[in-house]
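I have placed the structure first, in the form of structure tokens, so that the comments after it can refer back to it.
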Amino acid sequence: MSPSELAAGVVAYKAACADAGRAPGPVCLRHMPNRPGSDQRTVLSGTPDEQAADIRAYAEAGLDELMLAMPWRSPDELATSLRAFTRDVVPRV
């Protein structure tokens with residue numbers, strides 16, 4: 001889902017909540033990592049600056065919460081990926 005698709009969905013969601021007399025809850029997106037073998041950059045891949053720009057675009061589209069799924073083969077690999085994301089991407093957002 002692109003940021004523009006999310007933005008349209010957020011508008012529809014908030015309108016439906018208003019029509020029902022309910023306060024909207026948070027807008028969440030679950031990110032699934034790239035499949036190996038793809039040559040095209042997809043969302044939340046690429047350089048730390050590109051990943052941060054992706055996150056900002058989704059936030060501007062109305063995203064409240066982003067759930068990341070990190071690819072890993074061992075607990076050490078997962079910890080390394082999370083540390084790198086926290087160190088390299090989060091400060092740029």
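Every number here is computed from the coordinates shown, using simple stated rules; none is lab data. Treat the numbers as computed from the prediction; the structure is a model and nothing was measured. As a convention, Cβ positions derive from the backbone with ideal geometry for all residues, glycine included, and neighbour counts pool all protein chains shown.
Using only alpha carbon positions, build the gyration tensor of the chain, then give the equivalent ellipsoid semi-axes as the square roots of 5 times its eigenvalues, largest first, whole angstrom.
After diagonalising the Cα gyration tensor, the semi-axes are 29, 14, 13 Å.
When only DSSP loop residues count, what chymotrypsin sites (Phe, Trp or Tyr not before Pro) in the chain have their Cβ near at most 14 other Cβ atoms within 10 Å?
Filter output for the chain: Trp72.
Between the DSSP loop rule and a limit of at most 10 other Cβ atoms within 10 Å, which trypsin sites (Lys or Arg not before Pro) in the chain are left?
In loop regions of the chain (DSSP not H, G, I, E or B), the sparsely surrounded trypsin sites (Lys or Arg not before Pro) are Arg22, Arg73.
Work out how much length Ser74 to Met1 would gain on full extension: take 0.36 nm times their residue separation and subtract the Cα-Cα distance, in nm to one decimal.
Computed gain between Ser74 and Met1 is 23.4 nm.
Where is the GNM fluctuation largest for the chain (alpha-carbon springs, 10 angstrom cutoff): Ala52, Ala15, Ala23?
Between Ala52, Ala15, Ala23, it is Ala23 that shows the largest mean-square fluctuation.
Between Met67 and Ala15, what length comes free when the chain is fully extended (0.36 nm per residue of separation minus the Cα-Cα distance, one decimal in nm)?
Using 0.36 nm per residue and subtracting the Cα-Cα distance, I get 16.3 nm.
Let me check the size of region 44-93 from its C-alpha atoms; what are the radius of gyration and Dmax in Å?
Values for region 44-93 (Cα only, Rg and Dmax): 11.6, 34 Å.
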